[in-house]
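Taken together, the values in this text are just the output of simple stated rules run on the coordinates, not laboratory data. On a predicted model such as this, the values are computed, not experimentally measured, just so you know. Cβ atoms come from the backbone with ideal geometry, glycine included; neighbour counts cover every protein chain shown.
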Amino acid sequence: MVKQLLHPAEIETYYILPTLRRQLALSMKERGMKQKQIAVLLGIQEATVSQYLSNKRGHSFEFKDDMVTEIKKSAAAITNSLSLIRETNRLLQLIRTSQVLCDIHRLYSQVPDACQPKETGCDEYHGEPHVPNARIRY
């Protein structure tokens with residue numbers, strides 16, 4: 001199978017977020033939470049939690065130990081949808097700035113040899129918009 005060029009955002013969507021959710025679910029389960037509680041906190045179906053816990057989903061790669069430690073911290077900090085968003089963004093930012101995104105990107109995409117995070121903006125914070133009035137219209 002020939003790898004095609006995927007955008008880093010596609011890597012986050014298709015590979016990183018499912019693996020993050022799986023690790024969060026595993027950490028929450030280790031803390032004694034029931035699948036239903038985990039599903040509510042992660043904003044996903046209980047069946048999805050079951051698939052994460054049984055290694056049927058979100059297992060295309062494994063995070064290294066230091067990242068797993070950060071995921072466990074986030075799992076303990078998630079208590080509602082706002083903290084879920086905050087902690088997910090914190091983890092994604094760590095993944096971007098530690099070049100874990102680059103490593104995963106190279107696993108699943110045909111990344112140009114000269115690709116560097118500083119050139120592509122992959123290491124930048126993607127929080128507040130840098131353009132005034134850059135909000136969407138309703």
Residue (of PHE63, SER50, ALA77) at the positive-pole extreme of the chain, dipole from beta-carbon charges
SER50
Within the chain, helix-based [θ] at 222 nm, where runs of 4 or more DSSP H residues each add -39,500 (n - 2.57), nearest 500:
-16000 deg cm²/dmol
For the chain, take the longest principal axis of its alpha carbons; what is the angle in degrees between that and the long axis of helix 81-97, to the nearest 10 within 0 to 90?
40
With a 10 Å cut-off between alpha carbons and a GNM built on the chain, which of LEU92, LEU17, LEU82 moves the most?
LEU82
If the label point is 7 Å along Cα→Cβ of SER60, which residues in segment 1-42 have backbone nitrogen under 18 Å from it?
1-24
Magnitude of the Cβ-charge dipole of the chain, K/R +1 and D/E -1, about the Cα centre, nearest 20 debye?
620
Compute the long axis of helix 65-77 from its Cα atoms, compare it with the longest principal axis of the Cα atoms of the chain, and write down the angle in degrees, 0 to 90, nearest 10.
60
In degrees, nearest 10, the alpha-carbon axis of helix 17-30 is tilted away from the dominant principal axis of the alpha carbons of the chain by 30
According to the Cα gyration tensor, what semi-axes, each the square root of 5 times an eigenvalue, does the equivalent ellipsoid of segment 8-120 have, listed from largest to smallest in whole Å?
26, 15, 11
Eligible lysines near LYS34 by straight Cα distance, threshold 23 Å, same-chain separation 8 or greater
LYS56, LYS72, LYS73
